[in-house]
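Notes to accompany the following structure.
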Amino acid sequence: MDGSVQTNSSHGQSISAFLAGIERRAFRHAEIALKHREDALDAVQDAMLKLVQRYADKPSIEWSPLFWSVLRSRITDIRRRRRVRSVLVGWMGSTNDADEGPVWEPADPTPGPAHLHSDRESYRALSTALQALPRRQREAYQLRVLEGLDVADTARAMGCSEGSVKTHTSRAMDALRRQLEDWR
Amino acid sequence: MNANDIETTLRARAAFNASVDSIDADTRRRLRESRLQAQHGAQRRARWIWPAGAALTAALVLVVLLPRTPHVPVATAPTTMTTIAQPAIATTTTRTRGDIASIADITAPDPVNVDAIEAADPDMLSDIEFYGWLAKQPNANASGD
């Protein structure tokens, strides 16, 4: 079992290497979806744990859609938990809005040259635009466009049909084109 | 996909990739720790899941077998006595040919002890031989009725 946790012999890729290569991107996606750094870290950790525990023996070619599917589910769980907490807090008379969590800013404290500043501004605009999208459109765009998954893998990760993926992606691109007009 | 979409897509990818590359050191460290914990957690689970599964299986086997254990001596003793002490009943009641054969197997004379049995009780030996012969007869089941 230890061997299967570490390496998938049929494809030779280590699951450790797979996770090492995907963890930062997963964190950024989770951070955009949850607008909260700690929740994003929790979601990524849970997704990694679940992938290792349940799917390490799968062919490595399946790890990517499986991982994104697990992460998406985890993000959904966290958002649902926030809503419940928000309701409970509302009943107790607090005026805090727990649904949105703390005010989120794209994390990049490192000062850099002008092109880094430009990248940071571009990412800030992109993340804001993505957060304004409906959830399914945002997920489709993140997986299909930013992660480069094909339609079939995106559909697997999202748990929907390939036609739905195409529709969500197209609508997301239309919306982002309008919202990011400043880029042109 | 038109030119505007291509431009937007390329720039979005570039911005996202740059943000991934610029993740701060503390977040990178925590992600690395999370990955190691996930792997070690899975290995810990793999280590204890087999002993736990074996223990659970053993417990289930015990639960299934324990209530039946007291029946074993109670059921065995009378059965043995019946097969040895009541062969005549077996041949005159509804016992099947299989029952008679099994009784004959159980009561078949041990070749080693034939002399001892004959010396102790010649009639017993003849009875045993009779039941052995009876078990081999094709109409054994019906003949006694």
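Computed from the coordinates by the stated procedures, all read-outs in this text should not be read as laboratory data. Keep in mind that this is a model prediction, so the values were computed, not measured. Cβ coordinates were reconstructed from backbone atoms using ideal geometry, including for glycine residues, and neighbour counts include every protein chain displayed.
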* Structure fact -> Per the rule of 0.36 nm per residue minus the C-alpha distance, extending B:ASP26 to B:ASP123 adds in nm 25.2 nm
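Provide the gained length on full extension for the span A:CYS160 to A:GLU38, in nm with one decimal, where the gain is 0.36 nm per separating residue minus the Cα-Cα distance.
Values: separation 122, 0.36 × 122 = 43.92 nm, distance 2.86 nm.
Taking A:CYS160 through A:GLU38 to full extension adds about 41.1 nm, to one decimal.
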* To do: Can you find, among A:VAL44, A:TYR55, A:TRP68, the residue farthest towards the positive end of the dipole of the stretch A:27-74? Put +1 on the C-beta of Lys and Arg, -1 on that of Asp and Glu.
  => A:TRP68
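Per residue of B:26-36, count partner chain C-beta atoms within 10 Å of its C-beta, then hand back the mean as an integer.
Numbers: counts 3, 9, 3, 0, 7, 11, 4, 2, 11, 12, 3.
Mean shielding by partner chains, rounded to a whole number: 6.
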